[in-house]
1. For region 85-101, does any single residue satisfy the condition of being within 21 Å of residue 4 (Cβ to Cβ), part of a helix (DSSP H, G or I) and within 15 Å of the ligand (Cβ to nearest atom)?
2. Could you please find all residues in region 34-69 being of a type in the set (A, V, I, L, M) and either within 11 Å of the ligand (Cβ to nearest atom) or surrounded by 13 or more Cβ atoms within 10 Å (Cβ to Cβ) (or both)?
3. Conditions: (1) within 13 Å of the ligand (Cβ to nearest atom); (2) crowded, with 17+ Cβ neighbours inside 10 Å; (3) in a strand (DSSP E or B). Residue 31 meets all but one. Number of the miss?
4. Out of contact with any Asp or Glu (no Cβ under 8 Å at 6 or more places or on another chain), among the aliphatic types (A, V, I, L, M) and under 23 Å from residue 21 (Cα atoms): which single residue out of 168, 123, 152 fits that description?
5. Kindly indicate whether residue 164 is surrounded by fewer than 21 Cβ atoms within 10 Å (Cβ to Cβ), in contact (Cβ under 8 Å) with a residue 12 or more places away in the chain and within 16 Å of the ligand (Cβ to nearest atom).
6. Could you list, in sequence order, the residues of region 1-22 that are away from the ligand (no atom under 14 Å from the Cβ) and within 26 Å of residue 108 (Cα to Cα)?
7. So for region 70-79 (the condition being at pLDDT 95 or above, within 14 Å of the ligand (Cβ to nearest atom) and not aliphatic (A, V, I, L, M)), does at least one residue qualify?
8. Name every residue in region 134-186 that is more than 26 Å from residue 10 (Cβ to Cβ) and part of a loop (DSSP other than H, G, I, E, B), in order of residue number.
Amino acid sequence: MARYRLHCIGASGNSYKLALYMNCAGLDWEPVGVDFAGGQTRDANWRAGTNAMGEVPVLEVDGKRMSQSGAILVWLAETTGKFALDGDEERFEALRWILFDNHKFTNNHAMHRFQRSFMSEPVHPAILAFLRSRTEASFAIAEKHLTDRAFVLGDRPIIADFSMAGYVYYPPDETGFDIAADYPALDAWRRRLAALLGWKPPYELMPFGSDLRTTRMRIAPGSAERKQEQH
Ligand SMILES: N[C@@H](CCC(=O)N[C@@H](CS)C(=O)NCC(=O)O)C(=O)O
């Protein structure tokens, strides 16, 4: 059994942040599948034993189970020294971007993707339009920031890069955003990250639960099986 065990699904970009970090850091890790579409993260026993917040990712290390990708990335950087921060100023800057990522960059993009591609019934266009405009606004901020720097904090990748990378490698037909065509600085940044040793796309690093991609087709509207969570 690997030392680091990531409870995750392939469709979860929040999980991918940690999977990608651990693969690029060369850590001994393995994915542990969660039946997200089947409602496992809402099961009372799962919540009691794995994550009271009812979310993936959960990282299990030496019997301890941790949640919240941003907090886990900070913990991993501090305990492994990989993609770590140098001093208080860098730590503050990295936390700023990790919080921006959680609240805006990842959140809007992920919510838009889920509503667009994984709902079993059509979503009201106003919901998609709202989430799309929020995503565009946070993409514009990241695009400007990355125009004159290689990585989020400068010339080397650190944990905030992995946090912001959560959803940028999912296929455009799934996300509804064509980063290569519309966001040149974001595209150049994600290519630099993709050149790191250990980089792999989400569905290769986390084979479990990739079937969420087909949930929309698998679960007919009105079916008693319809059990879905937000992104
Ligand atoms: N801020 C959390 C977000 C985690 C999150 O939203 N995970 C999604 C999957 S990508 C989830 O489990 N959602 C279940 C729900 O919202 O009920 C993190 O970064 O770990």
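1. Yes: region 85-101 contains one or more residues that are within 21 Å of residue 4 (Cβ to Cβ), part of a helix (DSSP H, G or I) and within 15 Å of the ligand (Cβ to nearest atom).
2. Once the filter is applied, which keeps residues that are of a type in the set (A, V, I, L, M) and either within 11 Å of the ligand (Cβ to nearest atom) or surrounded by 13 or more Cβ atoms within 10 Å (Cβ to Cβ) (or both), region 34-69 yields 34, 37, 53, 56, 58, 59, 61, 66.
3. Here residue 31 clears every test but (1).
4. After ruling out the rest, the residue left standing is 168.
5. Judged against the criteria, residue 164 is not a match.
6. Correct list: 22 only.
7. Within region 70-79, one or more residues are at pLDDT 95 or above, within 14 Å of the ligand (Cβ to nearest atom) and not aliphatic (A, V, I, L, M).
8. 147, 148, 149, 150, 153, 155, 156
The values are calculated or read from the model by the stated rules, or taken from the named source; none is laboratory data. This structure is a prediction, so every number in the text was calculated from the model and none was measured. Quick reminder, even Gly has a Cβ in these numbers, built from the backbone with ideal geometry, and neighbours come from all protein chains shown.
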